[in-house]
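Participant: Below: one structure in structure tokens.
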Amino acid sequence: MDKKLTVADMAKYLSISKEAIYNRLRRNTLESVTQDGKKYVLLTPNVEKEAKLPKKRGAANSVNNEYVSLLKNQVEELKEKNEKLESVRDRLYYEKENILIESQNKIEKIYKERDEQLKNILVLTNMPTLEHKYQEKPIEVAENIKEDIVEQICKTFIEWELLKDRLQKIGFADIHRKKITKKIEQKIGENQHVKISNDKIYIDKDVKLKQIIGKK
């Protein structure tokens, strides 16, 4: 019966590395058995003949080949990791660009809306009075109407907020946001604390949602 050696002992016997032993086992150029959960390499006549041959140069070449193979594997792994990192970097850059563009568009839209409102205010403040029609007594009512309109427009900047912003601050779940939004939509035109502008629903900052919706 052939003798058997551990992988480490066989590596010493043949003057090669343990990695070389495992490679030869995978290629079936060495035979092995497993006993009590441990692998042993069989010392066959062919292996004994191989051991008697000059091994210094062959062993060195084998070690070098194993080292080169290991380096190649590491280089391939590094290439794969680098490709993944570049992919993640490109994705993050693309997302950042989209966020910046979206934010810029929102800011431009806000300023555009406010510019329109400011233009309306300037138009109202420069409206001619009706005094030339009634020289005897100035018409204070017209001025009061003008002030009320200006005050109502300015209120957009101070006392109103988007409904979706209020719901987000409170932290309602999506299903509850939809239900509340639907109920408040029904109050547009009926409740003075609700209005719609540019297809967006605004509510009075100082009024609670339950006051707008009303008791069930």
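Participant: Beyond 26 Å between alpha-carbons counts as too far, so tell me which of LYS3/LYS38; LYS182/LYS208; LYS84/LYS169 fall in that bin.
Facilitator: Long pairs (Cα-Cα over 26 Å): LYS84/LYS169.
Participant: Where does each of 86-94, 191-199, 8-16 land if you order them by average Cβ count within 10 Å, highest first?
Facilitator: 8-16, 191-199, 86-94
Participant: Near the amide H of LEU43, under 5 Å away, which other amide H atoms are found, from residues 5 or more places off or on another chain, if H is placed in the peptide plane?
Facilitator: LYS3, LYS4, LEU5
Participant: Provide the gained length on full extension for the span LYS72 to TYR93, in nm with one decimal, where the gain is 0.36 nm per separating residue minus the Cα-Cα distance.
Facilitator: Going from the current span to full extension adds 4.4 nm.
Participant: With charges set only on the Cβ (+1 for Lys and Arg, -1 for Asp and Glu), what does the dipole of segment 3-73 come to about its Cα centre, in debye to the nearest 20?
Facilitator: 140
Participant: Let me ask another. May I ask you to compute the full-extension gain from LEU85 to THR181, defined as 0.36 nm times their residue separation minus their alpha-carbon distance, rounded to one decimal in nm?
Facilitator: That works out to 30.3 nm of additional length.
Participant: Along the Cα→Cβ direction, 7 angstrom out, place labels at THR44 and ASP174. What is the inter-label distance in nm?
Facilitator: The answer from the label model is 6.5 nm.
Participant: Separate question: Could you work out how much longer the chain between THR6 and GLU116 gets when fully extended? Use 0.36 nm per residue separation minus the Cα distance between them, nm to one decimal.
Facilitator: 30.9 nm
A short reminder: the numbers here are calculations on the coordinates, not readings from a lab. In this text, all values refer to a predicted model and were calculated from it rather than measured experimentally. Quick reminder, even Gly has a Cβ in these numbers, built from the backbone with ideal geometry, and neighbours come from all protein chains shown.
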